[in-house]
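The values are calculated or read from the model by the stated rules, or taken from the named source; none is laboratory data. Only a predicted model underlies this, so the values are computations on that prediction, with no experimental measurement involved. Cβ atoms come from the backbone with ideal geometry, glycine included; neighbour counts cover every protein chain shown. With ligands, DNA and RNA removed, areas are computed over all heavy atoms of the protein, side chains included. Shrake-Rupley method; radii C 1.70, N 1.55, O 1.52, S 1.80 Å.
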Amino acid sequence: KQWYQRRVAITAGGIVPGIKVDKGVQPLPGTNGETVTQGIDGLQDRCKKYKAAGAQFAKWRAVIKIGDDIPSELSIQENAVTLARYATICQQEGLVPIVEPEVLCDGTHTLARCQEVTEKVLAAVYKACNDHHLYLEGSLLKPNMVTPGMQCPDQATPEQVAEATVVTLQRTVPAAVVGITFLSGGQSEENATLNLNAINQYQDPGRKPWKLSFSYGRALQASVLKAWQGKKENVAAAQKELQKRAYANHMACLGQYGGDVTGASGKESLFVADHTY
């Protein structure tokens, strides 16, 4: 009853409920510390229950690491096939799948190396999706932006991130995919917004057929949590921070963000090594 009341309140406000359906990552045998996401067993039955409870979409996160001699082909293929299986199962049960192959920003790798790996990963993901007969028009992609590793001494400008990211998507993501909702991946709130803005400003006529938007966690919540601090008297201040970040990213989706929205966390790095959730 309590869940039903919450669902009614959420949907009345125009919010579409969804659910994370994977069960986290586990070590992938035969690799050097790489992982594969668990949760395929029993997923179809779980999706039936989630749909009956009111969920309309689902997400599944795969994690790819960049390092010496990694990612391996085994890691890329295992995670690609698992993402495709998850997405197809979701569609069979009436849920829109968000496909999330995250190339982690941990490390000293360059922008070019991140682009190389991200292209290879996305190509494998969409080959697997095609093999599993995924209805691309009924799915969303949640990728990383193409950025240098957090420990790389040569960091990139928003314009460099935008070019590398858009070119990567052009080379790998079918035009039939409706939307691309970027993860923030440990970027500061401000950097995530500036990079999204630059991506939408990037000019290459006729070759950005997808809606380029955001699906941020830390980069949407950090200032909110700092303002709230778990105290009832801070709720209004926290809500104001959320409105500010949502507005900033909305403008970035239009390519019209001027860098004029400051938050409590601002340019603080939100990087967490080997981030899991």
Sorted by chain and number, the residues with a modelled amide H under 5 Å from that of I64, at a separation of 5 or more or across chains, are E102, V103, L104
Please list, in chain and number order, the residues 5+ apart from F214 or on another chain whose amide H is under 5 Å from its amide H, with Hs placed from the backbone. F182
What accessible surface, in Å², does a 1.4 Å probe find on M251, ignoring ligands, DNA and RNA and rounding to the nearest 10? 30 Å²
Under 5 Å from the placed amide H of V178, counting only residues 5+ away or on other chains, we find S139
Please give the charge dipole size of the chain, origin at the Cα centre, charges +1 on K and R Cβ atoms and -1 on D and E Cβ atoms. Round to the nearest 20 debye. 1400 debye
If the viscosity is 0.890 mPa s and the temperature 25 °C, what translational diffusion coefficient in µm²/s does Stokes-Einstein give for the range 157-213 when Rh comes from Kirkwood over Cα pairs? 211 µm²/s
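For the range 191-246, state which trypsin sites (Lys or Arg not before Pro) are in a DSSP loop and have at most 10 other beta carbons lying within 10 Å of their beta carbon.
Sites meeting the loop and neighbour criteria: K231.
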What's the Cα-based Rg to Rh of the range 18-76, Rh via Kirkwood? 1.11
If you rank H109, H133 by how much accessible surface each has, with a 1.4 Å probe, what is the order from largest down? H133, H109
Cα→Cβ-extended label distance, 7 Å offset, between T108 and I10, nm: 4.4 nm
Dividing the alpha-carbon radius of gyration of the range 1-157 by 2.2 N^0.38 Å, where N counts its residues, gives 1.15
Exposure ranking of L225, L136, L122 by accessible area [1.4 Å probe, largest first]: L225, L136, L122
Could you pull out every whole DSSP H run in the chain that spans at least 20 Å of Cα extent along its own axis and averages -0.5 or higher on the Kyte-Doolittle scale? 73-92, 111-131, 158-172, 235-253
Counting only protein heavy atoms and leaving out ligands, DNA and RNA, the solvent-accessible surface of T110 at a 1.4 Å probe, in Å² to the nearest 10, equals 70 Å²
The range 34-74: chymotrypsin sites (Phe, Trp or Tyr not before Pro) falling in loop per DSSP and having at most 13 other Cβ within 10 Å: none
